[in-house]
Amino acid sequence: MSSPSTREHKKDSEKSYSFYLITVSTSRYEEYGNVSSPDDAEDGSGKMMYDLVISRGHNVSKYELVPDESSLIQGSVHRAIESDADIIVTSGGTGLASKDVSIESLVPLFEKDIPGFGELFRYKSIEQIGSSVILTRAAAGLLRGKIIFCLPGSPSAVELALTEIILPEAGHLVKHARQ
């Protein structure tokens, strides 16, 4: 049970927030190009992000599909920063392959890191993937008052991150990011 102090601290968690969703996938981008919906790209992880955000009473201000190219990933996040979105979620491009550059593209932009997100995500992922968790690169940080999450591209990773971490803490995070 949470203390009165914790409840007061999280009182904004019931408000509705705006999410900007970005899928990073060269193969999908090459096949579908610029699309405005995860359905238009047969993007299971993007659809999972979209559906979970909407199901919790929040809104999606925009969805983008971009290839694994640093300047395009950064450009998408800069568009998101300029939008009315409160929270930016990227999915994909976090692996160890040379083409996976989401973490390298975005973490240097952060004004503040949120290391607890990656730590908690990996801790929770152990139940699903065991010792393969050492391959998991997930990160979060703040940029100009907006929270940015970099998630792995699998639907199960997206579901875990959103349902168990991001959505329950959205109000708490936005409140602090705006201070």
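Throughout, read-outs are computed from the coordinates displayed, never taken from laboratory work. Owing to the predicted nature of the structure, the values given are computational and were not obtained by experimental measurement. Reconstructed Cβ throughout: ideal geometry from the backbone, glycine too, with neighbour counts over all protein chains shown.
By counting other Cβ atoms within 10 Å of each Cβ, how are Val133, Val53, Val35 ranked from fewest to most?
Lowest count first: Val133, Val35, Val53.
Hey, what angle do you get for helix 70-82 against the long axis of the chain, alpha-carbon based, 0 to 90 degrees rounded to 10?
Result, in degrees: 40.
Show that you can apply the helix-only estimate: for the chain, add -39,500 (n - 2.57) for every DSSP H stretch of four or more residues, divide by all residues, and state [θ] at 222 nm to the nearest 500.
Rounded to the nearest 500, it is -12000 deg cm²/dmol.
Collect residues whose amide H, placed 1.01 Å from N in the peptide plane, falls under 5 Å from the amide H of Ser91; neighbours closer than 5 in sequence don't count.
It is Ile22, Thr23, Val24, Leu151, by chain and number.
In this model, which of Lys47/Lys124; Lys15/Lys146; Lys62/Lys146; Lys124/Lys146 are farther than 20 Å apart at the alpha-carbon?
Beyond 20 Å between Cα atoms: Lys47/Lys124; Lys124/Lys146.
So what is the diffusion coefficient of segment 16-177 in µm² per second by Stokes-Einstein at 25 °C and 0.890 mPa s, using a Kirkwood Rh over Cα pairs?
Answer from the Stokes-Einstein relation: 160 µm²/s.
For the Cα atoms of the chain, what angle does the longest principal axis make with the long axis of helix 44-55, in degrees from 0 to 90, nearest 10?
Around 30 degrees separate the two axes.
Among Phe19, Phe149, rank each residue by its count of other Cβ atoms within 10 Å, from fewest to most, as a rough exposure measure.
Exposure proxy ranking, most exposed first: Phe149, Phe19.
Be a star and scan segment 39-81 for residues whose amide nitrogen sits under 15 Å from the point 7 Å along the Cα-to-Cβ vector of Thr26.
66-73
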